[in-house]
Amino acid sequence: MSPVSKPFLETLRGQARAVPPIWIMRQAGRYLPEYRALRLKARNFIDFCLTPELAIEATLQPIRRYGFDAAILFADILLIPHALGQSVAFLEGEGPKLEPIRDAAGLARLSDARAAEILSPVMESVRGIRASLPSETALIGFAGAPWTVATYMVEGAGGSDHTIIRRMAWQEPVLFDALIDRLVEATSAYLMAQVEAGAEALQIFDTWAGSVPAGLFERAVTGPTARIVAAVKAKHPDVPIIGFPRGAGGHLGPYARATGVDGIGVDHMCDIAFAATVVPPNVALQGNLDPVLVLDGGPVMEDEARRIVTAMKGRPFIFNLGHGVTPPTPPENVARLVAVVRGAN
Ligand code: CP3
């Protein structure tokens, strides 16, 4: 155990603090001029993520600027399909493009034989970040949840209705479940390796949980996430895990109970006071300021941030946005947000 108390970790262990810890999703990235300059040093985004020197620096940039309570490893959820041998490209201005997997033959081409080796630079980054962080700052490791990663693997791109994978899940359950099983296995191993390298908490991003029909929610979201949490905790019982089932407000209670996560990321579509009524009181809540408020800053952002902090008084709570900070956000608005949440009127 570290002798220095880290507010972010104390909160995930169930402590309600007078001043909530704060970090923000996508805190490292394109809204920071120093990130845009660093990004030019790699040919493509995957290379950037797999170059420890660059990933370490990108992780530390927002910590230096804002003194967030937690740093999040700089990497991407699509490193898992890349490591399993699927072709993944990030095209400028278009988002990710993958060679889609639509049948058993496509699934059979995935291989985890080299996954640990391909992902080993990420573990080097984790070790480097841990060695450079201030003693009060926690390091979050992360991965995408199986459903969200599978949407990219099957659809071949981003998008939001996910018709192809939903049809696969209903009509070809054996194929769908086999893909999810592969991801549960690969993701559990990847997260355990991050903990062994020095990650002190984990977040499982289920960005597209909101596109799962209710009748598939247990098979696509809750069940696979519960299996990852159980696998990680069997080996590392003390590592806190945050689940972020974005867009799945109506399922938050069952999700929290069935997965055994220590914290729940709440998006800005869900009323965080409602979340507090359905999620067990020892499970920390994290969220949920609308990221568009940080674009404009000013009194609307400040009042809404204060309202959220007030609503969460007495509850283990981590301040965050409801989703990632967007690239056009002025960095000074983020500085102001941090000051407001920490109580500097
Ligand atoms: O501070 C951080 O959060 C940095 C680490 C991080 C990135 N992606 C860096 C990134 C994390 C935690 C992620 C998670 C991630 N990646 C998610 C889940 C979180 C969420 O926002 O919903 C998802 C769905 C992805 C997949 C992904 N990666 C997409 C759809 C894109 C393209 C769209 C976009 O925002 O550009 C990416 C690329 C990406 N991942 C960038 C960064 C900084 C931008 C690429 C670049 O800088 O060239």
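The values are calculated or read from the model by the stated rules, or taken from the named source; none is laboratory data. Not measured: the values here are computed from a predicted model. Positions of Cβ are backbone-derived with ideal geometry, glycine not excepted, and every protein chain shown enters the neighbour counts. Surface accessibility is based on the protein's heavy atoms, side chains included, excluding ligands, DNA and RNA. Shrake-Rupley method; radii C 1.70, N 1.55, O 1.52, S 1.80 Å.
Dividing the Cα radius of gyration of the range 225-292 by its Kirkwood radius returns 0.98 for Rg/Rh. The Cα center of the range 101-122 and the Cα center of the range 198-266 differ in position by 23 Å. Between the range 270-301 and the range 152-184, the C-alpha centres lie 30 angstrom from each other. Candidate cross-link partners of LYS41 among the aspartates and glutamates, defined by an alpha-carbon separation under 13 Å and a same-chain spacing of 8 or more, comprise GLU53, GLU57. Heavy-atom accessible area for ARG114, with the other protein chains in place and a 1.4 Å probe, reaches approximately 130 Å². For LEU40 and ALA131, FRET efficiency with R0 = 25 Å and r from the beta-carbon atoms, rounded to 0.05? Calculated value: 0.50.
Quick one: longest stretch of the chain between exposed loop GluC sites (Glu not before Pro), exposed meaning at most 11 other C-beta atoms within 10 Å and loop per DSSP? Each step should come with its number before you reach the end.
Values: sites that count: GLU92, GLU94.
The reported range is 95-345.
How high is the FRET efficiency between ARG65 and GLU218 when r is their beta carbon distance and R₀ equals 45 Å, given to the nearest 0.05?
On the way: r = 41 Å, r/R0 = 0.91.
Working from the Cβ atoms, E equals 0.65.
For the chain, would you read off the P(r) tail past 25 Å as a percentage of all alpha carbon pairs?
Values: 29519 of 59340 pairs.
Result for the distance tail: 50 percent.
Residues of the range 319-345 falling in the label zone of ALA18, defined by backbone nitrogen less than 18 Å from a point 7 Å along Cα to beta-carbon, are 319, 339-345.
Ordered from longest to shortest, the equivalent ellipsoid semi-axes for the range 33-152 are 28, 16, 13 Å, each the square root of 5 times a Cα gyration tensor eigenvalue.
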